Amino acid sequence: MTEATSGAGESAVAGTSRTPILSVRDLQAAYRGPEGMIPAVRGVSLDLYPGEVLALVGESAAGKSSVALATLGLLPSTAEVSGSILYQGESLLDLKGDDRRRVRGGEIAMIFQDAMAGLTPTLRVGEQVAEIFLAHERLDPKAARAAAIVALRPLLPDAERIVDAYPFQLSGGMAQRVMVAMATALGPKIVIADEPTANLDPAVRLETLNWLEDMRNRGTAVMLITHDFGVVARLADRVMVMYGGVVAEEGDVFTIFRRPRHPYTYGLLSSLPGVMSGARLTPMRGNPPDLASLGEECAFLERCPKAVSQCRLDPSPPLVDAGPLPGSDEPPAPGHRVACFNPMAIDLREGRDR
């Protein structure tokens, strides 16, 4: 991982248009539970640019997948969503019917975490891939089937056989390839990849990373949702660390790995081998918060080793510029922001207090 962080996507950022293709502001999403609404996303804002990979990382229940599902309008009908989600200036939250279907799958595609569960078990693979062309390009069934074979062939050499198979006849790796083919068949401008390498063998995992990297290099914007910091180190240009439904820290991948300022980000990285330059790994204490009982204070308060009186008395801190590391002569990294009253003053890469 140490080597990976030195070469991830710098050229992609440098050559990227600075007009975001996706702009989210103050996104709120809550699910209805037995005792009322449970907040999953609490005021998240982000920009996603063409030709970059933005990684959303954090533990389970951090709100990462809810951000993705809200973007595509895939949250359950019982969920309450507010805020602003603009795709090329068009409000996705206001789209209905055919307009929403035009964007979903055609211009914004998603690779789901469990490829096998993402395929309908009672339909042949070819029917499911062909549906993309039937819905978005209005092809007749014969032409749609032929287009499905063309879409599958780069990923599955025996595509002519696979189109007649049912999902239960596929291996996990084959199902993942089908999902990638479906997501990329129409050349979407945005791909949302939710844990795309989870539960895959090393060969298919490497293929999936190569596909995502190739899409990024061709100008596609990628929103990557993952727990795997190895994947983040290889692919990401920028990183947003989420905790308790809010953004705890954001910055370019080099800054996050070298100088994380939020105690949560620091704790996550400190527990990983290959990051602390020979230092002893430190497990993070405690568990993610109960979203149903969150208070106004910082959600990380109960687990934080650097909490001060202000953390207990004031509402959750806003996301602000991180500023320079104390004692460092290096200027602060542009776009590095942290939501913490008492941020870390330790250079993670060197493992020493500044």
Residue selected from the range 74-90 under the condition without any contact (Cβ under 8 Å) to a residue 60 or more places away in the chain and closer than 17 Å to residue 44 by Cα, by the criterion nearest to the chain's Cα centre (by Cα): 75
Just one of 251, 230 is farther than 18 Å from residue 287 by Cβ, buried (at least 20 other Cβ atoms within 10 Å of the Cβ) and not aliphatic (A, V, I, L, M); which is it? 251
List the pairs whose first member sits in the range 22-37 and is closer than 18 Å to residue 293 by Cβ and modelled with pLDDT of 95 or more, whose second member is loosely packed, with under 14 Cβ neighbours inside 10 Å and among the polar types (S, T, N, Q), and whose Cβ atoms are under 6 Å apart, counting only residues at least 6 apart or on separate chains? 28/82
Whether any residue in the range 97-105 is under 16 Å from residue 193 (Cβ atoms), out of contact with any Lys or Arg (no Cβ under 6 Å at 6 or more places or on another chain) and part of a loop (DSSP other than H, G, I, E, B) is what I want to check. yes
Test result for residue 52, of a type in the set (Asp, Glu), within 15 Å of the chain's Cα centre (by Cα) and modelled with pLDDT of 90 or more: yes
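If the requirement is being more than 25 Å from the chain's Cα centre (by Cα), modelled with pLDDT under 95 and not basic (Lys, Arg), which of these qualifies: 127, 131, 107? Even if it seems obvious, please write down each step before you answer.
Details: 127 fails: modelled with pLDDT under 95; 107 fails: more than 25 Å from the chain's Cα centre (by Cα).
Every option except 131 fails the conditions.
The values are calculated or read from the model by the stated rules, or taken from the named source; none is laboratory data. All values derive from a computational prediction rather than experimental measurement. Every residue, glycine as well, gets a Cβ built from its backbone with ideal geometry; the counts of neighbours run over all protein chains shown.
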